[in-house]
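First the structure, in the form of structure tokens, and then the observations on it.
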């Protein structure tokens, strides 16, 4: 039986149980494991803007700052013992060369404010930019829960990123599209935290296939609030 | 000496031309002679002539003569057409006079469809006459050899000028012409245009920096014979299908040799085609023609029509422009005409002889549309046209232009500023604004540090700039143009093996994603059953059995009613003495409205309010056109949201605005909603938050080079190369709210989507003249508004309420599950 997420009155957080642990889904796109004092974010894609800019695209490069400011707020809110970044934290292996000094300093401050920090490797960042504190790993285990970048790379119960799930919903006379958490009994997919990270439809075989054998819920982030739905 | 002689000769029409015309049994028309004269006198000229009567040939004739007489080498004449297909057709059509007159003139077309090898060769050894599109010209202008290629161009012919002038693509074309003027100092411009409301505006647009082209008007057509179809079945109150009239349309087709049935959208074309097919007991050759069909299919249709092998073509605006189509003896307009000039252009597709009146039949889809048909007929009878006022050009196009220029050679901002402001759309562009655009082109306008590594344009000596890298050039050239279309997928009709098949055309991605296997839909006149999407191709089988098809929901093809015609409709409605001209069922409908609610007098604004289903509807009969209605809708829903009425969505038509709310709205509140102060803070607050501004931003971002144009076939890779413009928009609003692209997007939205002036005039005019009718159900007048398919979404408390409802449904299920689990 999948426990029902109970929205808080402000709907910016939803508390539920996953793999026997109390977890809090946050409308900022982060996940807090209350029993373990761990904050999880995924797919920051830092310096995605400058990646395009370096290729002649005049894209505004505020994305790193935006992502970091939201990350700082999340860390400040939960004050976790450990932060796990579930991979693709940097958009590419040269992101560290492009990051503005002020942004690098901001990131260093955020990392320094937490006792422990784990960077999981992702397909975009097989090498984590040097110069930032924290452990680098392919996977992390906390109690019963496995953490990894791609959900295919770990055994359940697991918490993973990579796919940037996003759900389209048809409402009366209109539709919306919003990033979401996807959670089932023993799998939890994180939405992308990065400002310029797009999304993949939850209907896509890549995501739907992961949950073919068990019911799952989509918790949408829409207008800084959370909305829980059953899978269609 | 030689040159002088040639010029003198060029003023007269040579014998071989006269003989050729005579041999065809034609007579050289006066204005054709004048065009030859204008060429000799180097006078740019806009020829305004009705369809038919050799307008296109008039543009080319002077060039044919001059090239032949002077034995011109290299590129001599450029022909710019809004349609690729038109360029291709003209190529075919020019070969005949050239061969028959024995001229030594080479002609080729060049569009996005031209093979790369041929395009390369065309730059090295160009033909005398090159037929092309604005996008292709702009691309050629971006190459380093452009100056040499265009150096000896003597004439630039712009076809269908009226279709360019007041649009973003017109701005784009004006800039391409400005650059050409730099590279080819000796050319003149010839414009060809259909009859237009303000030809002097078009002549100014066509002219060189501040000097309008000479206006040459050819004789007018005889006034067309237009009738509203009297169908056997009753005209419906709402909807856009015109199903009721299908047997009568079919009869009309049967009674003619060849006819064009115009509709307003591609989806309508498909639906009407299907409906005609079911009544086609005589198996008449009828087919469908619109922009989503694949090129081969369109080609085949064009050839069959020209050969007189088709009895009818169901077509969209894709057929409005272009060459003669054989002997079309009737044009049927199904659905509202939307504009007087547009209707005339469509009607002009029949009977290309200027002295015989064209025949046209109007088929309104619902009773509101019959008012519009009547208003259009009144205007045509009075000989008045609607026309767009010139507006300032879009600034994102300038950014693209700057980069385009810098791809070819080094540029100086002063020079480019002079070129840009020499065009009509940008004559008011301030230097300060231009400098911001230039800075954006150079480095994204960034205020961030270490920007040197992100330059698009690199400074060289003397304050000049060039494209920074070849990657910048390549990327720019891939994305030239201002036509931003939704991503599309090809549709393949699988053959019996089920593995492969024939490509029929393209549908929009959103439509394709909404399909589940087994769903049926109409496409290219066939009923198909969706199988799957594979490699960006929608694979479908021919559908067997019945069932209602899901119709392709193309976004393209929606046309707004001209404000001019909207006024006409308002007048017809509020003047009962004029109703006798209307179809009987329209009169009956208006009388029902009189009895049930009220016919709004011309000096009042009627508001009706009634429940319907789970929602309440408030209908404001504005008659101010779609743009003003849309703006009002967005502002009103915002106000309603703040006041707790929980608006969910609204529907805009050219006649009125219907807002659906979860709560009822009493009279005083409804009237107060329309107080003019809505244009103050409400507008300012709302405008940056509106979904439409995001749409506008997406368009601007693509044109300015921030996101890629999506090209079919390379989309999967392109997607990974692009950041969703919605995300960029959000980040910009948070971190750089005065970013130039936000400014431009907003200006575009105001220009294209808001119509603020008209709205504020209306609100002031109807102060204290609001009529509120609370009803227990939808009134007759409201039905066509409610059944309009296009709705604008409200993203606020209403949506949250709906989300909450859906979310609660889950909770309920969950609770039942909990109970079941407890009992088990």
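So the values come out like this:
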| quantity | calculated |
| --- | --- |
| Chain lengthening between residue A:153 and residue A:204 when straightened (0.36 nm per residue, less Cα-Cα) | 16.5 nm |
| Dimensionless Rg/Rh of segment B:15-87 - Kirkwood Rh, Rg from C-alpha atoms | 0.96 |
| Separation in nanometres of the label points that stand 7 Å from Cα toward Cβ, at residue B:581 and residue B:675 | 4.2 |
| Cα-based radius of gyration of segment B:580-678 once divided by 2.2 N^0.38 Å, which approximates compact folds | 1.13 |
| Alpha-carbon centroid distance for the pair segment B:609-646 / segment B:267-332, whole angstrom | 39 |
| Beta bridge orientation in the protein assembly as shown: antiparallel %, DSSP, nearest 5 | 50 |
| Protection-proxy order for peptides B:118-129, B:154-165, B:388-399, each taking the mean of Cβ atoms within 10 Å per residue, highest first | B:154-165, B:388-399, B:118-129 |
| Principal semi-axes in Å for segment B:250-369 [√(5λ), Cα gyration tensor, largest first] | 19, 18, 15 |
| Relative contact order %, segment B:137-281, counting alpha carbon pairs below 8 Å whose residues are six or more apart | 17 |
| Calculated FRET efficiency for the pair residue B:614/residue B:730, C-beta based, R₀ 22 Å, to 0.05 | 0.10 |
| Segment A:71-221: projected area of the alpha-carbon convex hull, averaged over directions, in nm² | 10.1 |
| FRET efficiency estimate (nearest 0.05) - Cβ-Cβ, residue B:200 to residue B:414, R0 35 angstrom | 0.70 |
| Most to least packed among B:60-71, B:623-634 [average Cβ atoms within 10 Å] | B:623-634, B:60-71 |
| Neighbouring partner chain Cβ atoms per residue of B:645-655, average, 10 Å criterion | 1 |
| Mean projected area (nm²) of the alpha-carbon convex hull when segment A:189-232 is viewed from all directions | 3.5 |
| Ratio of Rg to Rh over segment B:369-491 (Cα coordinates, Kirkwood Rh, two decimals) | 1.19 |
| Geometric extent, Cα atoms of segment A:40-154 - Rg, Dmax (angstrom) | 13.9, 46 |
| Estimated inter-spin distance, residue A:12 and residue A:213, nm [label 7 Å along Cα→Cβ] | 3.9 |
| Label point distance in nm, residue B:392-residue B:604, each placed 7 Å from Cα along Cα→Cβ | 4.1 |
| Ordering of B:454-464, B:658-668 by packing [mean C-beta count within 10 Å, highest first] | B:658-668, B:454-464 |
| Gain on full stretching of the segment that runs from residue A:230 to residue A:81 - 0.36 nm per residue minus C-alpha separation | 50.4 nm |
| Average partner coverage of A:44-57, which counts Cβ from other chains inside 10 Å | 5 |
| Gaussian network model of chain A, springs between alpha carbon atoms under 10 Å - residue of A:149, A:62, A:162 with greatest fluctuation | A:62 |
| Spread of Cα-to-Cα distances over 5 Å intervals beginning at zero, given as percent, for segment B:117-163 | 5, 17, 31, 29, 11, 6, 2 |
| Evaluated at q = 0.10, 0.14, 0.17 Å⁻¹: base-10 log I(q)/I(0), Debye formula over Cα of segment B:161-273 | -0.56, -0.80, -0.91 |
| 0 to 90° range, to nearest 10: angle between helix A:101-112 axis and chain A longest Cα axis | 50 |
| FRET efficiency, residue B:281 to residue B:588 (Cβ-Cβ, R0 25 Å, nearest 0.05) | 0.20 |
| Exposure proxy order (Cβ contacts within 10 Å, fewest to most) of B:508, B:669, B:415 | B:415, B:669, B:508 |
| Exposure proxy ranking, count of Cβ atoms within 10 Å, fewest first, for B:79, B:31 | B:31, B:79 |
| Hydrodynamic radius by Kirkwood, which averages 1/r over all alpha carbon pairs of the protein assembly as shown, in angstrom | 31.8 |
| Largest to smallest principal axis extent of the C-alpha atoms in segment B:302-444, angstrom | 56, 36, 30 |
| Ranking of B:311, A:98 by count of other Cβ atoms within 10 Å, fewest first | B:311, A:98 |
| Those residues of segment B:192-217 whose amide nitrogen sits under 20 Å from the label point placed on residue B:43, 7 Å along Cα→Cβ | B:192-193, B:199-217 |
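Values in this text are rule-based calculations from the coordinates and carry no lab data. Source: prediction; values computed, not measured. Here Cβ is always computed from backbone atoms with ideal geometry, including for glycine, and neighbour counts include all displayed protein chains.
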